[in-house]
Amino acid sequence: MSVCKKVKKWITEKVQVPVEEAITKAKKQCTEVKKKIEEKIRKPIENWVSKQEKKCKKRKCKWWCACCNKWFCWLVTVVVKVVTWVFVTIIKWVTYLVCKIVMVVVDIIVKIVIRILKFLVTFIVCIFTDPLEALKSIWELWKDLLDIVEDIFDFIKGLICDLIEFTNDIKRLTCALTSSFGWLGVVIFGLVDGVIGAGQQLIGTICDLLGGIKDTVLGILNLNGCRISGGLTNIGTGIGRIILDVFGIPGWVLVSGIAANVRKRKLKEIIDDALTNAFTSDEDRIERIKDEMRFYSCPMGLPVRLDARRMCVRSSDYLRRLHQTGRIDLFALAGQINGCAGKSWATQTPSVLGEVVYTGTDTRVSYFDLKRFLEEGPEAIPSFSVYPIRLERFENFLRIAREKAYQLGLEFSWGEIIDYPIDERFDSELNYIPMNSARQDDVFTNFPRNGIDDPLCTVPSLAVFQYLNDTPNYGLTSWFRPPPYVTPCSGGEGDTGEYRRKSGVTFTDRIPEFVFGTVLVHELGHYFGLCHDNHDGLEYIMYVPRAAESHVTGNTFLEYLLLSGGPSFTLDDAKESWRWLTEVASDTCLFP
């Protein structure tokens, strides 16, 4: 290795990576603080409110004062709901935004300083020892500056997209107030939710457009054909969504919120019937389950923990073989020069969405570092990691899953998204990239799952690179269906109809996100007992395309233009999920 390359590697390995790794860890703490506020402050208060509402409901009316005792009880809970919402929401968002803004500013300043100094030092050394490397360092500086521009763009886009989560917090309040005011609340706060929902649709459309514009522009500047293709796809989807929004806003404002509130009341009846039928002689257990899921308040959902992980490959000879055999495309995943020539849509779209970063950081690996890695081996450059999905996109899949799961009476939560490393010791035959259903039992063994006494309400949720033979699989579910439980599923893609013991879900990222954003929650639907059968339109989360079925039905227009603006779970889905919970998963999910 030349002196020039040694100097460049030393600066990257000993200065750039450690500093940016520390900043990356600090940036993650902003999100972690927000989650802790949710778990340590909001949820305990919501649990207390739910128990208070149960007491209010069961109090005997004092007729001599026109049930003043019940009204006073309701009044106290309403005041607590409003005051705590204001208090918690302000603390959470002010803390998060201040932390995020400060860390992004620090991150950008540090990156600019380090990368300019890195360029100056390496250029001066290389111009006398390796002139070709000196010229390469000019291109690397350009790429470094583009990466910083992308970070700034992501920050601005993130602030806009955070409005969706903020408005979800507002909907938590209106949902809680709806439960306090009965049918009057269903109508009044339903209209408020409709207005909020229309705003969320518009914000989501703006986010899609911004993402498409960013990928197209940076794809051009980076000479990345895959990224240009993906960006144009998202722009086209965004324009389509604008048209849909224009026609859908009146329906969302006037109908969607009220319909959702009516549906929540029916969902409670379904859950109440399922618990009563399953535990007729154990009223204490029924009440314990209802308390844990805040049955008497809102939002209502059985606690479910998602064990969220990203498959990754560290820089190694194994990774070089994966690239050389065409299993993955390092340059496309890294956002570097790539034309996507000869790639099918199934292999092209993952290439747009992954990332290749120095291990422990969010710093993208340069084109020439990847070339050196492939030509000279893993020791030629600092350690890096390859992922099939960007961290922020995974988090968005999880947020979508959480919002949709409330329609089943489930509440998803998750901790930090961690790595699931694959290497030659684990996969000497290169069989895990791409994945197939036969390998999922082996994969979930490392979560760990043994298929006997697994906690079924802790769900392995793994993002993978792609599936075998470029088939149009977007996810696979290994489900727990022991005898004598009888599944109504007839089988199908992503739903094999067979009994798998080590249960969990895997999925891949796809574009456009508006279409494929529900892939993860679709697989989670399978996990909780749902099938493709009787879901014959795009309005259903559990829909899967088949040649004999229509993609668009009358219900599709109803759902997209009047109700939720996207695919949903049905009340029948909720019945089936609670049948699975009470017949299969009661020992681990329903607080025995």
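Identify the residue in the range 392-412 that is in contact with a Leu (Cβ under 7 Å, 6 or more places away or on another chain) and under 26 Å from Ala26 (Cα atoms) and, among all such residues, is surrounded by the most Cβ atoms within 10 Å (Cβ to Cβ).
Result: Phe412.
Among the candidates Ile37, Ile11, Ile23, single out the residue that is surrounded by 15 or more Cβ atoms within 10 Å (Cβ to Cβ), of a type in the set (Val, Ile, Thr), over 26 Å from Val365 (Cα atoms) and modelled with pLDDT of 75 or more. Working first, answer last.
Numbers: Ile11 fails: over 26 Å from Val365 (Cα atoms); Ile23 fails: over 26 Å from Val365 (Cα atoms).
The conditions single out Ile37.
In the list Asp273, Asp284, which residue meets the criterion of being within 18 Å of Asn47 (Cβ to Cβ) and without any contact (Cβ under 8 Å) to a residue 12 or more places away in the chain?
Numbers: Asp273 fails: within 18 Å of Asn47 (Cβ to Cβ).
Unique residue meeting the criteria: Asp284.
In the set Gly251, Gly236, which member is part of a helix (DSSP H, G or I) and surrounded by fewer than 19 Cβ atoms within 10 Å (Cβ to Cβ)?
Details: Gly251 fails: surrounded by fewer than 19 Cβ atoms within 10 Å (Cβ to Cβ).
Just one listed residue meets the conditions, Gly236.
Tell me, which helices (runs of 4 or more DSSP H) wholly within the range 326-393 include 3 or more residues that are modelled with pLDDT under 90 and of a type in the set (A, V, I, L, M)?
Numbers: elements: 330-333, 345-353, 367-376.
Counting at least 3 such residues, we get 330-333, 345-353.
Looking only at the range 434-453, count how many residues are part of a helix (DSSP H, G or I) and charged (D, E, K, R). Walk me through it before giving the result.
Of all residues in the range 434-453, those part of a helix (DSSP H, G or I) come to 437-445.
Now restrict to residues that are charged (D, E, K, R): 439, 441-442.
Residues flagged as part of a helix (DSSP H, G or I) and charged (D, E, K, R) within the range 434-453 amount to 3.
Could you pull out the residue among Asp147, Asp107, Asp154, Asp169 that is touching a strand residue (DSSP E or B) at 6+ places or on another chain (Cβ under 7 Å) and in a helix (DSSP H, G or I)? Explain how you work it out, then say what you get.
Numbers: Asp107 fails: touching a strand residue (DSSP E or B) at 6+ places or on another chain (Cβ under 7 Å); Asp154 fails: touching a strand residue (DSSP E or B) at 6+ places or on another chain (Cβ under 7 Å); Asp169 fails: touching a strand residue (DSSP E or B) at 6+ places or on another chain (Cβ under 7 Å).
From the options Asp147, Asp107, Asp154, Asp169, the qualifying one is Asp147.
In the list Glu53, Glu21, Glu46, which residue meets the criterion of being in contact (Cβ under 8 Å) with a residue 12 or more places away in the chain and under 23 Å from Leu391 (Cβ atoms)?
Numbers: Glu53 fails: under 23 Å from Leu391 (Cβ atoms); Glu46 fails: under 23 Å from Leu391 (Cβ atoms).
Testing whether each residue is in contact (Cβ under 8 Å) with a residue 12 or more places away in the chain and under 23 Å from Leu391 (Cβ atoms) leaves just Glu21.
Go over the candidates Glu539, Glu583, Glu576, Glu523 one by one and state the one that is among the charged types (D, E, K, R), touching a residue at least 12 places away in the same chain (Cβ under 8 Å) and under 27 Å from Leu210 (Cβ atoms).
Details: Glu583 fails: under 27 Å from Leu210 (Cβ atoms); Glu576 fails: under 27 Å from Leu210 (Cβ atoms); Glu523 fails: under 27 Å from Leu210 (Cβ atoms).
Only one candidate passes the filter, namely Glu539.
Take the conditions surrounded by 19 or more Cβ atoms within 10 Å (Cβ to Cβ), within 22 Å of Leu302 (Cα to Cα), in contact (Cβ under 8 Å) with a residue 60 or more places away in the chain and under 23 Å from the mean Cα position of the chain (by Cα) and apply them to Ala260. Does it pass? It would help to see each step written out before you state the result.
Working: surrounded by 19 or more Cβ atoms within 10 Å (Cβ to Cβ): yes; within 22 Å of Leu302 (Cα to Cα): yes; in contact (Cβ under 8 Å) with a residue 60 or more places away in the chain: yes; under 23 Å from the mean Cα position of the chain (by Cα): yes.
For Ala260, the condition - surrounded by 19 or more Cβ atoms within 10 Å (Cβ to Cβ), within 22 Å of Leu302 (Cα to Cα), in contact (Cβ under 8 Å) with a residue 60 or more places away in the chain and under 23 Å from the mean Cα position of the chain (by Cα) - is met.
Given the structure, is His551 crowded, with 21+ Cβ neighbours inside 10 Å, assigned to a loop (DSSP other than H, G, I, E, B) and not assigned by TED's automatic domain parsing to the domain that holds Lys266?
On the way: crowded, with 21+ Cβ neighbours inside 10 Å: no; assigned to a loop (DSSP other than H, G, I, E, B): yes; not assigned by TED's automatic domain parsing to the domain that holds Lys266: yes.
In short, no.
Looking at the range 177-194, can you tell me whether even one residue there is in the same structural domain as Asp245 (by TED's automatic domain parsing), among the small types (Gly, Ala, Ser), in a helix (DSSP H, G or I) and free of Cβ contacts under 8 Å to residues at least 40 places away in the same chain? Spell out the reasoning first.
Taking the range 177-194 as the starting set, the residues that turn out to be in the same structural domain as Asp245 (by TED's automatic domain parsing) are 177-194.
Of the ones still in play, those that are also among the small types (Gly, Ala, Ser) are 179-180, 182, 185, 190, 194.
Subset that is in a helix (DSSP H, G or I): 179-180, 182, 185, 190, 194.
Imposing the further condition that a residue be free of Cβ contacts under 8 Å to residues at least 40 places away in the same chain reduces the set to 182.
Looking for residues that are in the same structural domain as Asp245 (by TED's automatic domain parsing), among the small types (Gly, Ala, Ser), in a helix (DSSP H, G or I) and free of Cβ contacts under 8 Å to residues at least 40 places away in the same chain, one finds at least one in the range 177-194, hence yes.
The values are calculated or read from the model by the stated rules, or taken from the named source; none is laboratory data. All values reported here derive from a predicted model rather than from experimental measurement. Note that each Cβ is placed from the backbone with ideal geometry, even for glycine, and that neighbours are counted across all protein chains shown.
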